[in-house]
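One structure is given here, and the rest of the page talks about it.
The values are calculated or read from the model by the stated rules, or taken from the named source; none is laboratory data. Since the model is a prediction, treat every value here as computed from it, not as a measurement. Note that each Cβ is placed from the backbone with ideal geometry, even for glycine, and that neighbours are counted across all protein chains shown.
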Amino acid sequence: MNELNFIDLFAGASGMSEGFIQAGLNPISHIEMDKYACDSIRTRAVYHFVTKNGKEKFYFDYLKGEISREELYSQVPKDILDSVLNIEITDDSIKSIFSKIDKTLNKKKVDLIIGGPPCQAYSLLGRHHENIENDPRNKLYIQYGRFLKHYEPKAFVFENVPGLLSANKGQHFKNLKAYFRKIGYEVYHDTLNAADYGVLQARKRIIIVGWKKNIDYGFPEIKKIKVETTVNDIFQDLPKLKSGEALHVADYTIPKNDYLKRFELRNGVDFVTQHISRPHNARDLKIYKIAIEKWDKNEERLKYPDLPKELKTHKNESSFADRFKVVNGKGVSHTVVAHIAKDGHYYIHPDIKQCRSISVREAARLQSFPDDFYFEGSRSAAFKQIGNAVPPLMAYSIAKAIKNKL
């Protein structure tokens, strides 16, 4: 089969792209406005190159802090690094973006465009903003469409939050579908839950698939994956941490289990990185302990109004009453979102002996990133990238279904 090439728009840290690469597709370019996410994409692109060319030792040396990023990057052709464009997609920048991508194509055809524009405007939280109708993020699908018009791929995959369907009483979604049809694509959508595709997280997302009208395949059948694994199962081989403790490089504590083998989350690397916990003050740790005890006893969530008076800091007890939430160790996690970069209250580790919020690596595992995926930037930057990502395992299932059709 000829190699299928894709462009990833609004790429984030490239979680969606990672799934498509694992399914055998070839990335031509990634476009992303966040600097740290672009650094992560470049580092991952280097990983894919050096592992294909027998130079993975350089990557592992980098993870261990034994060589610099510059030394690692020197192992790959410059065009691999240049294919990651750290730029915001706007009316002013789009021609320059096309020009840069066109130079790297070298007669290759773009078969597929993937990506999901920033979704905050459609999220439940985002809808509280007064001026949502004028939020420029609502029209980013038009920028997406300009790439479709320029490159005319056979298909596209557009990911977003379920709120897209109901925003502005459904009018935004109607406009989006009409626009994509106008520029030559048949459009189908479905709401998928990442937990149905091997990800240990209840994460619902709208997946829109568009086909050039002459090759219309409808919405592809995406095979579901059943797993019996729990969150506790994928945390148990990681070293125990205290609040504020950071293990930048550490040994695993036990051999990998069937889940970690099957989905290759521990894939050839014999150490773990970025097992970093944020620090918490004494009051928050007391609250976390109460929340974990409540959850362990009756699987009951802590409500803010139920806290002892001396632990309360907010007079408003009705908004965000469930601001403290324990990750369900005996099942799948609730949705990991970018807010995890601001505080850990919504992602409390299920083990009361650790009594902290989850680490960067634990959050990455909930999103199904392999352990050798390295997030550049600070702890907060890493959390933000993870929370915004499409889970690679979910993306892999989508990619396989699209690839089979193409």
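Just name the residue that is modelled with the lowest pLDDT out of those in segment 257-268 that are within 23 Å of A246 (Cα to Cα) and surrounded by fewer than 16 Cβ atoms within 10 Å (Cβ to Cβ).
Taking segment 257-268 and keeping what is within 23 Å of A246 (Cα to Cα), we get 260, 265-268.
Add one more test, that the residue is surrounded by fewer than 16 Cβ atoms within 10 Å (Cβ to Cβ), and what stays is 267-268.
Values: N267: 85, G268: 74.
The selected residue is G268.
Only one of these conditions is not met by K107: (1) assigned to a loop (DSSP other than H, G, I, E, B); (2) crowded, with 20+ Cβ neighbours inside 10 Å; (3) modelled with pLDDT under 95. Which number is it?
All conditions are met except number (2).
What helices (runs of 4 or more DSSP H) completely inside segment 317-406 contain at least 1 residues that are touching an Asp or Glu at 6+ places or on another chain (Cβ under 6 Å), touching a residue at least 40 places away in the same chain (Cβ under 8 Å) and more than 25 Å from A13 (Cα to Cα)?
Numbers: elements: 360-366, 379-388, 392-405.
Ranges flagged: none.
Of the conditions (1) in contact with a Leu (Cβ under 9 Å, 6 or more places away or on another chain); (2) part of a helix (DSSP H, G or I), I31 clears all except one; give me its number.
(2)
For (1) outside the structural domain of T253 (by TED's automatic domain parsing); (2) of a type in the set (D, E); (3) at pLDDT 95 or above; (4) surrounded by 14 or more Cβ atoms within 10 Å (Cβ to Cβ), each residue gets a yes or a no:
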site: H280; (1), (2), (3), (4): no, no, yes, yes
site: E299; (1), (2), (3), (4): no, yes, no, no
site: L302; (1), (2), (3), (4): no, no, no, yes
site: T313; (1), (2), (3), (4): no, no, no, no
site: S319; (1), (2), (3), (4): no, no, no, no
site: F324; (1), (2), (3), (4): no, no, no, yes
site: K330; (1), (2), (3), (4): no, no, yes, no
site: H339; (1), (2), (3), (4): no, no, no, yes
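From the list R181, R205, which residue is crowded, with 17+ Cβ neighbours inside 10 Å and assigned by TED's automatic domain parsing to the domain that holds D111? Walk me through how you get there before you give the answer.
On the way: R181 fails: crowded, with 17+ Cβ neighbours inside 10 Å.
Of R181, R205, the one residue that is crowded, with 17+ Cβ neighbours inside 10 Å and assigned by TED's automatic domain parsing to the domain that holds D111 is R205.
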